[in-house]
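Notes for the one structure printed next.
The values are calculated or read from the model by the stated rules, or taken from the named source; none is laboratory data. These numbers come from a predicted model, not from an experiment. Cβ: placed from backbone, ideal geometry, glycine included. Neighbour counts: every protein chain shown.
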Amino acid sequence: MKKRLFTPGPTPVPETVMLKMAEPIIHHRNPEFGEILTRVHQNLQYLFQTTQPVVVLTCSGTGGVESTFVSLFSPGDTIITANGGKFGERWVKMPKAYGLNVVELKIEWGKGATPEMIKAALAEHPEAKAVYVVHSETSTGTATDVKAIAKVIREHSNALVCVDGITAVGAHEMKFDEWGIDVCVTGSQKGLMIPPGLAFVALSQRAIEKMETSTLPKFYFDLRRAVKSWQGNDTPWTPAVSLIIGVDAALVMLKEEGIENIWARHEKLANGIRAGVTAIGLKLFSDSASFAVTPVWLPEGVEWKKFNKILKSKYGITIAGGQDDYAGKIFRLSHLGYYDEFDMVTMITALEMTLKECGYAFEVGTGVQAVIKSFIK
Ligand SMILES: *Cc1c(COP(=O)(O)O)cnc(C)c1O
C-alpha cells in the first residue's frame, strides 16, 4: 500500500532530500559542514526575508519558542499572548511555567487575533515586554494578519513582536524585516519539508539587545550563545548534522522555486481543497483560512473513528483529527510543504471514496471536479 501523509507536521519529505540525509555522517567541525551551515544560514534569511540572524536549534518547534522565553525575559516580566487554539494555549502555559506574568487574550477557535484587540491589550498593559501571536494556528487552520498586528504593536508600544510561524513560514507571506518582526520561530517538519528535529529562530537587533538584560536561567537554549556561534557559521553544541544536510537540500529547492511562488502555491492548493470540500456539501471550520491546513466539519452521521480508519487502513492516507472540544467533530487536511495540484486531487478523491463508504450522500466526483476547476480557471 502506498502511504500518503496529509498532516500539518510531519509533512512529506522530497526523495532528493531523503537521499542527502542518508549519506555517511560528517563531523560538524569539518570545513565541509561549515560550508553547508553557511549556505543554510543564508537561505534561511531568504526564507524569512531578513538580513538578521536566523539560528538553527536542535529541538522541535516548541523548543525554539522556549528558547525565546528564557533568552529574552526575566521573572515577573509581562507578556501578552493571543490564544485561539492549542498552540496559542501553549504560549500561555509555557511562560507561566517560567514565572512570567501572562496576559491571555482568549479568542474563539476558528477566529484570528485582530489588531484592535492587540491595541487595546497594549493600552491596558503598557508594561508588556512582548506580544506573542500564532501566524497560522494549526489546531484551527486559522491565519492571523501578522503584518497588521506588528504595525499596531510597533506604533503603540516598545513590546517585541514575537511570532509562532511554525506552520506559516513557507506557506504565508512573511517579511520579517519589512514588517518589523522581532522573533519568528519555525520547525523542520512543517513548511521546510524535512523530518522533525530542528527549530529555526529569526531574531531582530532589538531582540538581541533585549537578551543582555534577561535573567531567567538558561543554558542549552541560551540564544546569546546561538547568535554568537551563528556569526561564525557554527553552532554552540553538536547539531543534528543529517537534518541540517537535509534542510540545506530543501532550502535550495525552496530558493529555486522562489518565495513568492511558494506562497502563491500554498494559497492555490488551499483554495483548491476548499472548493472541493464545499462542493460536496461539507462546511469549513475557520473564518480566516490558513494556507497550510484546512479544517472541515465532519458531516452529520459520519463517525470520525470509522472515517479515519477507512482512510488510513484501506487507502493509506493519514490526515489530522480535531483537538480538545473539536475532537471527533472536525478533521484537518494539510497542504503545507511538498505538495502540488495532483496531491490535492488525490486527497479529495480519497475523501469522496471514504465518505461514500460512511454513508454520506453526495454525487461522486463533484469534489474532484471542483478541485480541478479551481486549478485551471
Ligand atoms: C507544530 C506546531 C508547533 C509545535 O511544534 P513541535 O515541533 O511539535 O514542537 C507550534 N506551533 C504551531 C503553530 C505548530 O503547528
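Find all pairs meeting these conditions: Cβ atoms under 6 angstrom apart; at least six residues apart or on different chains; first residue within the stretch 259-280 and within 15 Å of Leu351 (Cβ to Cβ) and touching a residue at least 24 places away in the same chain (Cβ under 8 Å); second residue surrounded by fewer than 21 Cβ atoms within 10 Å (Cβ to Cβ) and of a type in the set (A, V, I, L, M, F, W, C).
Going by the 6 Å Cβ cut-off, the qualifying pairs are Gly272/Phe375; Ala275/Ala370; Gly276/Ala370; Ala279/Ala370; Ile280/Phe362.
Taking the options Gly85, Gly76, name whichever one is at pLDDT 95 or above and within 16 Å of the ligand (Cβ to nearest atom).
Of Gly85, Gly76, the one residue that is at pLDDT 95 or above and within 16 Å of the ligand (Cβ to nearest atom) is Gly85.
Tell me whether the stretch 307-329 contains one or more residues that are among the hydroxyl-bearing types (Ser, Thr, Tyr), over 25 Å from Gly112 (Cβ atoms) and not in a helix (DSSP H, G or I).
Scanning the stretch 307-329 turns up at least one residue that is among the hydroxyl-bearing types (Ser, Thr, Tyr), over 25 Å from Gly112 (Cβ atoms) and not in a helix (DSSP H, G or I).
Can you confirm whether the stretch 27-47 contains a residue that is under 20 Å from the mean Cα position of the chain (by Cα), within 16 Å of the ligand (Cβ to nearest atom), under 30 Å from Phe285 (Cα atoms) and of a type outside the set (Ser, Thr, Tyr)?
The answer is no, given that none of the residues of the stretch 27-47 is under 20 Å from the mean Cα position of the chain (by Cα), within 16 Å of the ligand (Cβ to nearest atom), under 30 Å from Phe285 (Cα atoms) and of a type outside the set (Ser, Thr, Tyr).
Just one of the numbered conditions (1) in a helix (DSSP H, G or I); (2) in contact with a strand residue (DSSP E or B) (Cβ under 6 Å, 6 or more places away or on another chain) is not true of Leu282; which one?
Going through the list (1) in a helix (DSSP H, G or I); (2) in contact with a strand residue (DSSP E or B) (Cβ under 6 Å, 6 or more places away or on another chain), Leu282 breaks only (1).
Pull up the stretch 62-72, narrow it to residues that are over 16 Å from Ile244 (Cβ atoms) and within 16 Å of the ligand (Cβ to nearest atom), then point me to the one that is surrounded by the most Cβ atoms within 10 Å (Cβ to Cβ).
Thr68
Residues Ile166, Ile194, Ile118: which one is closer than 23 Å to Glu267 by Cβ, in contact (Cβ under 8 Å) with a residue 24 or more places away in the chain, β-branched (Val, Ile, Thr) and in contact with a strand residue (DSSP E or B) (Cβ under 9 Å, 6 or more places away or on another chain)?
Of Ile166, Ile194, Ile118, the one residue that is closer than 23 Å to Glu267 by Cβ, in contact (Cβ under 8 Å) with a residue 24 or more places away in the chain, β-branched (Val, Ile, Thr) and in contact with a strand residue (DSSP E or B) (Cβ under 9 Å, 6 or more places away or on another chain) is Ile166.
Take Val56 and decide whether it is more than 16 Å from Ala240 (Cα to Cα) and within 16 Å of the ligand (Cβ to nearest atom).
So Val56 does not fit the description; no.
Within the stretch 137-158, how many residues are in a helix (DSSP H, G or I) and within 16 Å of the ligand (Cβ to nearest atom)?
2
I'd like to check which helices (runs of 4 or more DSSP H) are fully inside the stretch 159-253 and have at least 3 residues that are under 24 Å from Thr78 (Cα atoms).
Per the criteria, 205-210.
If you check every pair at least six apart or on different chains, which have Cβ atoms under 6 Å apart with a residue in the stretch 1-30 that is more than 30 Å from Ser313 (Cα to Cα) first and a residue that is small (Gly, Ala, Ser) and within 16 Å of the ligand (Cβ to nearest atom) second?
Matching pairs, first to second residue: Lys20/Gly246.
Assuming Ala320 fulfils every condition listed in (1) without any contact (Cβ under 8 Å) to a residue 60 or more places away in the chain; (2) in contact with a strand residue (DSSP E or B) (Cβ under 6 Å, 6 or more places away or on another chain) apart from one, which condition is it?
Checking Ala320 against (1) without any contact (Cβ under 8 Å) to a residue 60 or more places away in the chain; (2) in contact with a strand residue (DSSP E or B) (Cβ under 6 Å, 6 or more places away or on another chain), the one that fails is (1).
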